[in-house]
1. Determine the pairs where a residue that is closer than 15 Å to ARG286 by Cα, located within the stretch 232-253, has a partner that is assigned to a helix (DSSP H, G or I) and not aliphatic (A, V, I, L, M) with Cβ atoms under 7 Å apart, the partner being 6 or more residues away or on another chain.
2. Scan the stretch 397-418 for residues that are among the small types (Gly, Ala, Ser) and either more than 18 Å from the chain's Cα centre (by Cα) or surrounded by fewer than 22 Cβ atoms within 10 Å (Cβ to Cβ) (or both) and jot them down.
3. Using beta carbons and a limit of 9 Å, which pairs, at least six apart or on different chains, have the first residue in the stretch 275-302 and within 15 Å of ILE146 (Cβ to Cβ) and of a type in the set (Asp, Glu) and the second one modelled with pLDDT of 95 or more and assigned to a loop (DSSP other than H, G, I, E, B)?
4. Condition test on LEU213, is it in contact (Cβ under 8 Å) with a residue 12 or more places away in the chain, assigned to a strand (DSSP E or B) and on the phi < 0 side of the Ramachandran plot?
5. Quick check: is even one residue across the stretch 343-363 of a type in the set (Phe, Trp, Tyr) and in contact with a strand residue (DSSP E or B) (Cβ under 6 Å, 6 or more places away or on another chain)?
6. Is it the case, given these coordinates, that LYS46 is basic (Lys, Arg), farther than 30 Å from ALA138 by Cβ and outside any helix (DSSP H, G or I)?
7. If you take the residues of the stretch 375-387 that are crowded, with 18+ Cβ neighbours inside 10 Å and over 24 Å from the mean Cα position of the chain (by Cα), which of them is nearest to TYR170 (Cα to Cα)?
8. State all residues of the stretch 315-328 that are assigned to a helix (DSSP H, G or I) and surrounded by 21 or more Cβ atoms within 10 Å (Cβ to Cβ); if no residue qualifies, say none.
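The values are calculated or read from the model by the stated rules, or taken from the named source; none is laboratory data. Computed from a predicted structure; not experimentally measured. Note: ideal-geometry Cβ built from the backbone for every residue, glycine included; neighbour counts use all protein chains shown.
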Amino acid sequence: MDFDRRRMLTGSAGAGAIALAGLVAKPAASAATMIPAGRKRPSAPKGSADKIAGDEKYWKQVAKHFEMTDATVNFENGYFGANPRNVRTAYAQATARIQEENSWFMRREFGTEASAVRERIAAELGCTVDEIALTRGATEALQAIIGGYNKLAPGDAVAYADLDYDSMQYAMNWLRERRGVEVIRTAIPEPATRQSVLDYYERLLTDNPKIKLLLLTHVSHRTGLVPPIGQISEMAAARGVDTVVDAAHSWGQLDFNVTDLKSPFIGFNLHKWMGAPLGVGFLYTRKDRLADIDRHFSDEDYGVGDVRSRIHTGTTNSANLLAVPAALDFHRAVGAANKQARLRLLRDRWVHQVLDVPNLQILTPEDPSMYGALTSFRIYDNTTTAQSTAITNYLSDEWGVFAVRRGGVERGEVIRVTPALYNTMDDADLFARAVRAAASKF
């Protein structure tokens with residue numbers, strides 16, 4: 001098969017770079033095969049991220065890189081991210097190559113290419129390659145970190161909050177059996193503000209001096225709340241408490257560097273806001289803290305000093321990993337700051353039209369540092385699964401907009417609303433009208 005793997009990984013030609021025309025000033029010539037005849041290839045506009053966020057002409061061009069159904073207006077983009085065209089093509093080509101070259105490729109060359117992907121991820125994230133190990137997603141990464149954390153002793157305590165992800169709560173609960181520790185579950189206050197969240201964690205740590213491990217979530221999958229993770233991690237470290245951060249929803253939705261989180265242990269997804277195919281993520285362990293995580297089931301494929309010994313997945317879908325460079329190309333072409341600003345603007349567009357609805361609660365504060373795209377709402381007195389399901393069914397059946405209910409919040413269920421780059425201001429306006437109508441009905 002005539003296929004240049006190095007060019008695919010770097011995105012310099014073929015699938016890795018296709019469809020980036022229209023996002024960068026000088027698109028690669030090979031992009032012509034992926035853009036329909038007559039479609040203009042606009043340069044990325046100049047100016048601040050906030051200015052670019054409101055450039056509807058530009059974002060219409062970005063949206064053309066996604067092939068989406070018009071059966072509904074999808075505001076449930078938190079489940080996983082739609083792949084832009086260049087990623088879909090890279091994934092298809094990688095799948096074909098694996099099938100055609102089979103074990104010849106997988107045993108001889110895949111390891112080298114996977115290492116190149118690790119290097120690319122590390123460079124984009126702002127860490128060294130020896131601090132990350134590839135996984136099938138953030139859940140697997142965090143389970144390996146939490147289960148492998150070996151600094152706990154009987155009598156110690158670990159803690160998490162209601163807004164943390166279910167599977168991570170389960171992993172923390174398991175430490176009661178595995179390590180003989182006390183497990184403390186609490187609830188983040190509503191309504192949340194930056195100061196109230198900081199005060200909450202300070203009280204938690206002060207009132208529970210036995211806490212040694214604290215689970216934090218960078219962007220809550222339940223409400224969209226973005227706590228000041230860096231400050232909380234530093235607060236915990238000053239008390240001798242380690243943090244493990246769930247960044248499943250944040251990389252690609254927010255603009256940040258791994259060092260901003262101030263945590264030695266973090267789990268990431270690539271198939272949500274980075275736009276990689278489903279089933280790929282990675283764990284981050286700061287190199288000076290690697291010894292504090294046990295090898296995964298005493299793995300011996302890698303040495304004790306290699307972070308890859310902290311997770312052993314086995315044989316998985318390999319084509320999704322080979323498409324990651326194309327996703328990173330697209331992310332870089334649009335720009336992390338531009339993505340963050342646009343997603344916040346889409347959130348603001350619908351939220352600011354319903355702030356005056358008396359029986360509606362928005363679960364993220366009007367502080368841009370504490371939200372991204374994802375924001376949940378609650379209609380008062382509608383806190384059960386049956387009630388929230390009825391609301392989402394109404395939004396879909398009567399208004400043609402799709403959102404999802406989320407449980408687990410201390411004060412009752414919420415409706416999660418998550419726009420993506422392909423959504424428009426018209427979509428947000430429609431959603432606002434739908435929410436207003438739902439608040440009148442329920």
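1. Close Cβ pairs (under 7 Å, with a partner that is assigned to a helix (DSSP H, G or I) and not aliphatic (A, V, I, L, M)) amount to THR243/SER233.
2. Step one: filter the stretch 397-418 for residues among the small types (Gly, Ala, Ser), giving 400, 403, 407-408, 412.
Answer for the stretch 397-418, where residues must be among the small types (Gly, Ala, Ser) and either more than 18 Å from the chain's Cα centre (by Cα) or surrounded by fewer than 22 Cβ atoms within 10 Å (Cβ to Cβ) (or both): GLY400, GLY407, GLY408, GLY412.
3. Final answer for the pair search is ASP292/ASN150; ASP292/LYS151; ASP292/PRO264; ASP294/ASN150.
4. Working: in contact (Cβ under 8 Å) with a residue 12 or more places away in the chain: yes; assigned to a strand (DSSP E or B): yes; on the phi < 0 side of the Ramachandran plot: yes.
Answer is yes for this residue.
5. As a first pass, look at the stretch 343-363 and keep what is of a type in the set (Phe, Trp, Tyr): 350.
When the remaining residues are screened for being in contact with a strand residue (DSSP E or B) (Cβ under 6 Å, 6 or more places away or on another chain), the result is none.
For the stretch 343-363, residues of a type in the set (Phe, Trp, Tyr) and in contact with a strand residue (DSSP E or B) (Cβ under 6 Å, 6 or more places away or on another chain): absent.
6. Numbers: basic (Lys, Arg): yes; farther than 30 Å from ALA138 by Cβ: yes; outside any helix (DSSP H, G or I): yes.
Judged against the criteria, LYS46 is a match.
7. Step one: of the stretch 375-387, the residues crowded, with 18+ Cβ neighbours inside 10 Å are 375-379, 382.
Add one more test, that the residue is over 24 Å from the mean Cα position of the chain (by Cα), and what stays is 379, 382.
Values: ILE379: 29, ASN382: 26 Å.
Here the residue is ASN382.
8. First pass over the stretch 315-328, keeping only residues assigned to a helix (DSSP H, G or I): 319-322, 324-328.
Of everything in the stretch 315-328, those that are assigned to a helix (DSSP H, G or I) and surrounded by 21 or more Cβ atoms within 10 Å (Cβ to Cβ) turn out to be ASN320, LEU321, LEU322, VAL324, PRO325, ALA326, ALA327, LEU328.
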